[in-house]
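As structure tokens, the structure follows; a few thoughts come after it.
The values are calculated or read from the model by the stated rules, or taken from the named source; none is laboratory data. All of these numbers come straight from a predicted model, not from anything done at the bench. Note that each Cβ is placed from the backbone with ideal geometry, even for glycine, and that neighbours are counted across all protein chains shown.
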Amino acid sequence: MSLQDIFNVAISSLFLGYSLFLMCGYIFIGLYSIGELKKYLRKNSFTNYRLLANSAEAPKISIIAPAYNEGANIIENVRSLMSIYYSNLEIIIVNDGSKDDSLEKLINSYELYKAEFFVNEQIPTKSVRGVYKSRNSIYSKLLVVDKENGGKADALNVGINVSRNDYIVCIDVDCILEQDAILKLVKPFLETNKFRVIATGGVVRIANSCEVVDGRLVKVHLPKQLLPRLQTLEYIRAFLLGRMAWSRLGGLMLISGAFGAFDKEIAIKCGGYNHKTVGEDMELVVRMRRYMEENRIPYRVSFIPDPLCWTEAPSTFQILGRQRNRWTRGTIETLKMHKVMFFNPKYHLMGMLSYPYWFAFEFLAPIIEFVGFIYFNLFILFGEVNVKFALSLLLMVYSFGVLYSVFGILMEVRTYNQYKDRKDTLKLLLATLIEPLILHSFGVWHAIMGNIDLLRKKSSWGEMTRAGFSTPKKK
């Protein structure tokens, strides 16, 4: 065997070994999530959320929703927040220097006036132009903050400074919440005295094609457009399997920026959201966990598998590409900022498993896959491909991806079954056949572009244009 043959075999074995290792990781996550889901559903069946909702002892919550050019949905979104079933609640909308009519719409719809308000600047932020309250007592829970544009992280930090309560819930303003979402999200903060719960996240679902009336989701539909439908499948896998398993392990590193609750005291001690990264949601969770580890304080980051939050997913490749590019840059920035934890036993599970997993499978996986694609094509060009081996490997990887998605759909049907029409379930199953070819490949490419843009020191979010939610036609 020539040196070239040995090299080719070594490279092929490396790619095969990495693929098998990645598959084993996914199999473990999928199976491990089953136990946590069963445990949660069993405990949840005995919970009386009405007692918590009406109790004066319930945790006091401040919802913070940053808004930038959200005029298309802003009124319905605020209505959704105002309809939440919870007593000890304040709702803070932070207008981050919008260039559209978002603020004007809020002022007119909710009878707002500019109030005298002291802002306790515990976290440095851009200037606050004004704080608005409503003249109508019906909207007494609502507070609207107008500030100079500084980005999502800066807007969230302003919300933290303005908030009066012990726990903060950070949400994208374009999201629609279930009425009992806050009740379920705060429950982990009350469940244990052994650990301090510092953050809780919930499942985010795709609202494209769903029917929304007065800010409330009235009917769930599977997205009609292909891209949002493929993302629906992706979200089911990520939330119902991935984050459920990591929560059970105690190694969850990410609470979705679309919807998550935090212990405000710990968030402030950690300096709030970092405006120097586009992945501020993940970075804050990692920093809070690192703070607790370094100060040897027992803690937990919890996850709720209930579908609590519905958001509009990108429906065009252009907007989706910007989103995936940003996610990649945010992940790399977070890993770089906290590289001291990499295989560091001082940080326990976080350092020895969570961080290495994200490094190997979230950061490196797209790069290895892209390099493998180029290498495979070079092999074809020079006639060095073992066709049977190559096709077998591709078929194995593709089949695994499809089966893992089918398993995710099965878990969804057996638990929450949001898409009750059998046709919707069939469409989701058909989507498993094309998702690896379209959405996954597209994601890999934009992950590579995210790496390139990070090297170019690109820091912008990019415009995320929204079409707005569907409203049933009046008969």
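Quick notes on this one:
- Condition met for Leu227 (of a type outside the set (Val, Ile, Thr), within 30 Å of Cys270 (Cα to Cα) and crowded, with 18+ Cβ neighbours inside 10 Å): no
- Whichever residue in the stretch 268-281 is modelled with pLDDT under 95 and part of a helix (DSSP H, G or I) and, among such residues, is nearest to the chain's Cα centre (by Cα): Asp281
- Neighbours by Cβ (under 6 Å, 6+ apart or cross-chain): first from the stretch 385-407, of a type in the set (A, V, I, L, M, F, W, C); second surrounded by 12 or more Cβ atoms within 10 Å (Cβ to Cβ) and part of a helix (DSSP H, G or I): Val385/Phe379; Val397/Ser19; Phe400/Met23; Val402/Thr432; Val406/Thr432; Phe407/Gly30
- The number of residues in the stretch 69-87 that are over 19 Å from Val218 (Cα atoms) and surrounded by 21 or more Cβ atoms within 10 Å (Cβ to Cβ) comes to 2.
- Look at (1) under 28 Å from Leu403 (Cα atoms); (2) assigned to a strand (DSSP E or B); (3) acidic (Asp, Glu) and you find that Glu36 fails only one, number (2).
- Of the residues making up the stretch 443-459, those that are within 28 Å of Leu226 (Cα to Cα) and either outside any helix (DSSP H, G or I) or under 19 Å from the mean Cα position of the chain (by Cα) (or both) are Gly443, Val444, His446, Ala447, Gly450.
- Looking across the stretch 320-337 at every residue that is charged (D, E, K, R) and either closer than 20 Å to Leu353 by Cα or more than 14 Å from the chain's Cα centre (by Cα) (or both), the one that is surrounded by the most Cβ atoms within 10 Å (Cβ to Cβ) is identified as Arg329.
- Test: residue in the stretch 319-339 that is basic (Lys, Arg) and part of a strand (DSSP E or B): no
- Verdict on Ser62 being surrounded by fewer than 17 Cβ atoms within 10 Å (Cβ to Cβ), touching a residue at least 60 places away in the same chain (Cβ under 8 Å), closer than 19 Å to Leu177 by Cα and in contact with a Lys or Arg (Cβ under 8 Å, 6 or more places away or on another chain): no
- Residue in the stretch 212-221 that is of a type in the set (D, E, K, R), under 29 Å from Tyr26 (Cβ atoms) and surrounded by fewer than 22 Cβ atoms within 10 Å (Cβ to Cβ) present: no
- Residue satisfying all of: in the stretch 147-170; of a type in the set (Asp, Glu) and surrounded by fewer than 23 Cβ atoms within 10 Å (Cβ to Cβ); farthest from Asn120 (Cα to Cα) among these: Glu148
- Within the stretch 76-93, tally of residues that are without any contact (Cβ under 8 Å) to a residue 60 or more places away in the chain and touching a Lys or Arg at 6+ places or on another chain (Cβ under 9 Å): 1
- For the stretch 33-51, filtering for residues that are touching a Pro at 6+ places or on another chain (Cβ under 9 Å) and either over 19 Å from Leu252 (Cβ atoms) or among the aliphatic types (A, V, I, L, M) (or both) leaves 2.
- Selection of the stretch 300-318 for residues being in a strand (DSSP E or B) and either modelled with pLDDT of 95 or more or of a type outside the set (Phe, Trp, Tyr) (or both) yields Arg300, Val301, Ser302, Ile304, Pro305, Asp306, Pro307, Leu308, Cys309, Thr311.
- Entry remark, the stretch 148-180: residues being at pLDDT 90 or above, touching a Phe, Trp or Tyr at 6+ places or on another chain (Cβ under 7 Å) and β-branched (Val, Ile, Thr) number 2 in total.
- Number of residues in the stretch 291-319 that are surrounded by fewer than 22 Cβ atoms within 10 Å (Cβ to Cβ), in contact (Cβ under 8 Å) with a residue 60 or more places away in the chain and among the acidic types (Asp, Glu): the value is 1.
- Residue match in the stretch 8-31 (condition: touching an Asp or Glu at 6+ places or on another chain (Cβ under 8 Å), more than 28 Å from Val218 (Cα to Cα) and assigned to a helix (DSSP H, G or I)): yes
- With respect to (1) farther than 19 Å from Cys309 by Cα; (2) hydrophobic (A, V, I, L, M, F, W, C); (3) in contact (Cβ under 8 Å) with a residue 24 or more places away in the chain, the lone exception for Cys270 is condition (3).
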